Amino acid sequence: MKREVLEPMAIEEDFLPLNGTDHIEFYVGNAKQSAYYYQKAWGYELVAYAGPETGVRDRASYVLQQGKVRLVLTTSLLPNSDISRHQQEHGDGVKFLSLWVDDATKSFEETVKRGAKPYMEPTEFSDEHGKVVISAIHTYGETVHKFVQRSEYNGAFLPGFKEPLNKIKVEPVGLKHIDHCVGNVELGAMNQWVNFYEDVLGFRLLLTFDDEDISTEYSALMSKVVSNGNGYVKFPINEPADGKKKSQIEEYLDFYQTAGVQHIAIETDNIIATVSELRRRGVDFLYVPDNYYDTVLDRVGEIDEEITALKEQNILVDRDDEGYLLQIFTKPVEDRPTLFYEIIQRKGAKSFGKGNFKALFESIEREQELRGNL
Ligand code: FE2
């Protein structure tokens, strides 16, 4: 592993200042039912809705929020729309990784000037709550980055969205904000996409993992992490590496049919409480064998948490030179083995859990084996 030490970029040299992730929009087969899952299992609150009842004829979108995490689930109402084609090809998945900016026009111009492929020119939308400007550029696969400028808007989400008609009571599980979003790209394409984030979006390389860091007996992958100027937005990019059997990244690419978002990591302040509650509500996590806990304290040293509680919830621990982190991964949340979630609690560590890769990937391989994809 190579680690770069990045000082925050001087504001004047950052041509794409980001305030953070604005929202993540999925194209899904049945947004009404997916929204119920995110409300009842994950405790997101339904904060806005757009669809036939609000005058939108071709789609329905549900906006879910917990802490600063905002997800949008969109489904097509028509058989031949781009949304239904996307859903048919890729299954449920992330379409927009939308970034919150102060100037969506400048964000578009600066990135397109540096080679970004335009998806949507800067466009103003308004309603009785004010106005927003949105522009968008393509990234890997069919994924798109929207730039959302919302300083003159005070509605529930965006113009066109209304208060939901039918809100159900939800219990949050302590999700705070998005820590990082990981993309899987094709064999040999990782460096090209790292260069894209560096040259076109002004991100910087934070970490490099080669296949020595991340290989098990069967499958291997390579990964590089890029981060924006202020460090609020981090995108690890994975590509498959040669192994004896099929890499988990190849399995993803086979089923998603193109590059796309592999996992979204969400931070909590109390991972034991968050994970035990998610388990109680039926969210499925990857299993790590009990013997992981026999040696974990030798590796990470002293931690605040009771090891028995971590073992009970199957939570992983890793340490770097700045502190430690606790993390766990769900199984894929669709039938295709594509997108999953990570729950992470950081106690000083700014890294990504390299010490857990082996245990984790062996666990993923057990699941691949069960699916007949190893
Ligand atoms: Fe992660």
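Mind jotting down a quarter of the surface of the convex hull over the alpha carbons of region 14-149, in square nanometres, one decimal?
Numbers: hull surface 35.5 nm².
Result: a mean projected hull area of 8.9 nm².
Using a Förster distance of 35 angstrom, determine the FRET efficiency expected from the C-beta separation of D335 and E306, and round it to 0.05.
0.45
Over all alpha-carbon pairs of region 175-371, lay out the pair-distance distribution in 10 Å bins, whole %, shortest bin first.
Pair shares across the bins are 9, 36, 39, 16, 1.
For D179, what residues show an amide H to amide H distance below 5 Å, using hydrogens built from the backbone and excluding near sequence neighbours?
So D179 has HN proximity to A265, I266, E267.
Under a GNM of the chain (C-alpha, springs under 10 Å), which listed residue has the highest mean-square fluctuation: T105, T258, T295?
Among T105, T258, T295, the largest mean-square fluctuation in the Gaussian network model of the chain belongs to T295.
Please work out the FRET efficiency for the pair S126 and T258, using the Cβ-Cβ distance as r and a Förster radius of 35 Å; give the result to the nearest 0.05.
Numbers: r = 34 Å, r/R0 = 0.98.
According to the calculation, E is roughly 0.55.
How large is the Kirkwood hydrodynamic radius of region 224-303, in angstrom, based on all distinct alpha carbon pairs?
For region 224-303, inverting the mean 1/r across all distinct Cα pairs yields 16.5 Å.
Per DSSP H run of n ≥ 4, the term is -39500 (n - 2.57); total these for the chain, divide by its residue number, and report the mean residue ellipticity at 222 nm rounded to 500 deg cm²/dmol.
-7000 deg cm²/dmol
From the phi angles alone, apply the Karplus equation (6.51, -1.76, 1.60; θ = phi - 60°) to region 141-153 and give each ³J(HN,Hα) in whole Hz, x where the residue is Gly or Pro.
x, 9, 7, 10, 9, 8, 10, 10, 9, 10, 5, 9, 10
Of all the C-alpha pairs in the chain, what % are more than 40 Å from each other?
Value for the chain (Cα pairs over 40 Å): 11 percent.
Using θ = phi - 60° and the Karplus form 6.51 cos²θ - 1.76 cosθ + 1.60, what ³J(HN,Hα) does each residue of region 37-47 get, whole Hz, x for Gly and Pro?
Karplus values, whole Hz, x for Gly and Pro: 4, 5, 6, 6, 7, 9, x, 6, 9, 6, 10.
Rank Y292, Y27, Y256 by mean-square fluctuation in a GNM of the chain with C-alpha springs under 10 angstrom and give only the top-ranked residue.
Its mean-square fluctuation being the largest, the pick is Y292.
Using θ = phi - 60° and the Karplus relation 6.51 cos²θ - 1.76 cosθ + 1.60, list the HN-Hα couplings for region 90-107 in order, rounded to whole Hz, with x at every Gly or Pro.
For region 90-107, the Karplus curve yields 9, x, 5, x, 7, 9, 10, 9, 9, 10, 8, 10, 8, 9, 6, 6, 5, 4 Hz.
So how much slack lies between K358 and K246, counting 0.36 nm per residue of separation and subtracting their Cα-Cα distance, in nm?
38.8 nm
For region 159-249, rounded, prolate or oblate, judged on the Cα gyration tensor with a ≥ b ≥ c (square roots of eigenvalues), a/c < 1.5 rounded, else prolate if a/b > b/c?
Judged from the Cα gyration tensor, region 159-249 comes out prolate (a/c at least 1.5, a/b above b/c).
How do the peptides 193-203, 93-103 rank, highest first, by the average count of neighbouring beta carbon atoms within 10 Å per residue?
Per-residue mean Cβ counts within 10 Å order the peptides as 93-103, 193-203.
Please give the contour-minus-distance gain from R366 to N270: 0.36 nm per residue of separation, less the Cα-Cα distance, rounded to one decimal in nm.
Answer, rounded to one decimal: 31.8 nm.
Once you have the Cα-Cα distance between S151 and V56, take 0.36 nm times their residue separation minus that, and quote the gain in nm to one decimal.
Gain on extension, S151 to V56, equals 31.8 nm.
Whose amide H sits under 5 Å from the amide H of M222, counting only residues 5 or more places off or on another chain, with H placed in the peptide plane?
E239, A241
Using R₀ = 45 Å, calculate the FRET efficiency as 1/(1 + (r/R₀)^6) where r is the Cβ-Cβ separation of L187 and Y119; round to 0.05.
That gives a FRET efficiency of 0.95.
Are there GluC sites (Glu not before Pro) in region 140-190 that DSSP puts in a loop and that have at most 13 other Cβ atoms within 10 Å, and which ones?
Listed in order of number, the matching sites are E152.
Where a number appears in this text, it was derived from the coordinates with a stated rule and is not lab data. Computed from a predicted structure; not experimentally measured. Cβ coordinates were reconstructed from backbone atoms using ideal geometry, including for glycine residues, and neighbour counts include every protein chain displayed.
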